[in-house]
Each structure stands twice: as structure tokens, then as C-alpha cells.
Amino acid sequence: MMRYAMAIDTKKCVGCSDCVVACQTENEVPIGYCRDWIVEVTDGTYPELELEIRSERCNHCDNSPCVRCCPTGASHYSDGGSVLVTHNKCIGCGACVSSCPYDARYSHPKGYVDKCTFCNHRVKKGQQPACVSVCPTRCMYFGDLEDPNSEVSKIMKLRKYKTLAPEAGTKPQVFYLI
């Protein structure tokens, strides 16, 4: 069974925000909101500090609390395991926003909850998500994790990786190469 996933190389990401702008443009995200964002984390003790830069978004979890808590079924799993929101079914109650351990959802000014879709409209056409397609350092890998020949599967076999908030038990499908 197909399972879409994304891997982001924290050693190559420079935090330029091209992915953020591409997402906002591609998905007509209102000004002041975003479906993805850049995080910079400094770890260690001076003078031995390490900086990690990463692009974050919905983790399209296999065990999504947002899908479980949605009272109308607007939040659901789509083909390939992506988590989507059907806007005309969403009542904007915000239960999914509160349940997401990644703060990956926002209330759209039009009254529904919105989030990253892995650009499912582009993926259906055989294209990469907008964020992946514009990344100048090519630090983002997307594809079918179940396909051993996909770019994301290949890089995951070669590199160490982590997920965010593994203690939440959501089985996220966005991985950070470390």
C-alpha cells in the first residue's frame, strides 16, 4: 500500500524560507498564515553549539489525533495516507488544532481549518509538492515510503533520521535527516 512521506535534510537546509513562500503561493494561503515554517534550534553549551535548521509542517501521521477528534469527519486520511481536511465539512470547532502536537493547523479566515496537504493536487499530476520543487539546496525528499525505489525510501536507508515529538505516539511521516 502506498504511503507518502517526506524527509528533510537538516544538514542541507539553510532556512531560506523558499518552501514557505512556494506553499503560500501554490495554495493561496492568506497573508499572516502558513502551512509550513522554518525552525532554528540551537543545542549544546558554548563554545560547542550546534544549530539545526528545519522546515516543519503537518506530519501526516499514521495515528493522527486530529482525525480521531474531528466531529464531522472533515479531517480524514486520503490516498497514500496523507491527512486532509474537507473544507465544506469542517465546522471550524478547532478540536483538531488543539489535538495536533505539531501546531500544524490554523483556522482559515473563511471558517475552516487548514494545513499542509503535501500538495496532493500536484502529487496527483506526478509533480512534487511545491516546497520540494523550489528548494535551492534540494534538502527535501518526497515520495512513497513503501516503494524501495522512491527517492525518500532510498535516502531513509542511507541516513540517520528522527521525528518530532515521538512521545506523542502519532507515527509521523515527516522525517528529519540528522
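If we scan segment 72-79, do we find a residue that is closer than 24 Å to residue 2 by Cα and buried (at least 18 other Cβ atoms within 10 Å of the Cβ)? Looking for residues that are closer than 24 Å to residue 2 by Cα and buried (at least 18 other Cβ atoms within 10 Å of the Cβ), one finds at least one in segment 72-79, hence yes. Suppose we keep only residues that are open to solvent by 80 Å² or more (accessible area, probe 1.4 Å) and among the acidic types (Asp, Glu) within segment 1-56. Which one would you say is nearest to residue 175 (Cα to Cα)? For segment 1-56, the residue satisfying everything is 40. Taking the criterion of being open to solvent by 70 Å² or more (accessible area, probe 1.4 Å) and under 18 Å from residue 63 (Cα atoms), the residues of segment 138-171 that qualify are 146, 166, 167, 171. Only one of the numbered conditions (1) part of a loop (DSSP other than H, G, I, E, B); (2) free of Cβ contacts under 8 Å to residues at least 40 places away in the same chain is not met by residue 43, and that is (1). Of the set (1) within 15 Å of the chain's Cα centre (by Cα); (2) more than 22 Å from residue 4 (Cβ to Cβ); (3) among the charged types (D, E, K, R), all apply to residue 48 but (1). Checked against the criterion of being more than 17 Å from residue 58 (Cβ to Cβ), touching a helix residue (DSSP H, G or I) at 6+ places or on another chain (Cβ under 9 Å) and crowded, with 18+ Cβ neighbours inside 10 Å, the candidates 90, 131, 135, 119 yield just one match: 135. Look at segment 57-69: where a residue is over 7 Å from residue 170 (Cβ atoms) and open to solvent by less than 20 Å² (accessible area, probe 1.4 Å) and a partner is modelled with pLDDT of 95 or more and among the acidic types (Asp, Glu), sitting 6+ places away or on another chain with Cβ atoms under 9 Å, you get 57/36; 58/36. For residue 101, are the conditions met, namely being open to solvent by 40 Å² or more (accessible area, probe 1.4 Å) and not in a helix (DSSP H, G or I)? So residue 101 passes the test.
The values are calculated or read from the model by the stated rules, or taken from the named source; none is laboratory data. Computed from a prediction, not measured in an experiment: that's the story for all the values here. No Cβ is skipped: glycine too gets one built from the backbone with ideal geometry, and neighbour counts run over all protein chains shown. Ligands, DNA and RNA are excluded from the accessible area calculation, which covers all protein heavy atoms including side chains. Shrake-Rupley method; radii C 1.70, N 1.55, O 1.52, S 1.80 Å.
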